[in-house]
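Note sheet for the following structure.
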Amino acid sequence: MYFTYIHIIFIILLFIIFCLFGFLLLRGTARLKKLIITVSLLFAGFLASSAIASFIIDDYTKIAKISEVKYQNVLLKESINFTGIISNVGGFDITSCNINIRITNSPSAALTPDLFIQQDRSFLDFFKIQKKEFKISTINENFTIGERLKAKSARPFSLYIRYPTTFKDPKVNYTLTCH
């Protein structure tokens, strides 16, 4: 993860606040055991809050955008080919960008009128073991599409996702996360 000057300024301010807070807590402490416990708790709190703050700052400083996303079925491989361009629109470098693609089969394709017809059953049908056919209805894949993106730069990407032949009318959603 690249640290920006905003990260460094925030960590320095956080360190100063924890030092002042520690000074106020340790003013009246005379025993060594209490001193060690207080300092270690302050240090652990500083580390935890610095880590959380750096992730929060990343959300606002490292901004990327995907454009020209196209996808098409490749019947030979039974897959979908996704292509597009990832752009770093922020003013800071990005370590990596991940895309999470979710392909969902349309539920209306799986619903047929015979689904609601009640089958004639007997008492012995209860003891029969029926093997139900399992069909995949959702595919969720995660890919790294951009690494070490400089500020105001763009790169093309291409990736393949397996595509079940049972899908009739799939819906495609994607989310982008960058660090």
Residue-by-residue Karplus 3J(HN,Hα) for region 44-56, coefficients 6.51, -1.76, 1.60, Hz, glycine and proline x: 5, x, 5, 5, 5, 5, 5, 5, 5, 5, 5, 5, 5
Extended-chain gain in nm, criterion 0.36 nm per residue less alpha-carbon gap, F15 and N100: 27.0 nm
Accessible surface, region 20-104, averaged per residue in Å² (probe 1.4 Å): 63 Å²
Nearest-10 value in Å² for the accessible area of K168, using the 1.4 Å probe: 140 Å²
26 Å Cα-Cα threshold exceeded, pairs from K77/K171; K77/K168; K65/K168; K62/K168; K62/K171; K70/K168: K65/K168; K62/K168; K62/K171
Rough spin-label spacing in nm, given labels placed 7 Å along Cα→Cβ, for V89 and R155: 2.0 nm
F55 - accessible surface, heavy atoms, 1.4 Å probe, Å² rounded to 10: 110 Å²
Calculated from backbone phi, Karplus (6.51, -1.76, 1.60) coupling profile of region 63-78 in Hz, x at Gly/Pro: 10, 10, 9, 9, 9, 6, 6, 10, 9, 8, 6, 10, 5, 4, 9, 6
Amide hydrogen neighbours beyond the local backbone of S106, cut-off 5 Å, H modeled: K168, D169, K171
Amide proton proximity set for G90, modelled H, under 5 Å, gap of 5+: I63, K152
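The values are calculated or read from the model by the stated rules, or taken from the named source; none is laboratory data. These figures come from a predicted structure and were not determined experimentally. Cβ: placed from backbone, ideal geometry, glycine included. Neighbour counts: every protein chain shown. For accessibility, only protein heavy atoms count, side chains too; no ligands or nucleic acids. Shrake-Rupley method; radii C 1.70, N 1.55, O 1.52, S 1.80 Å.
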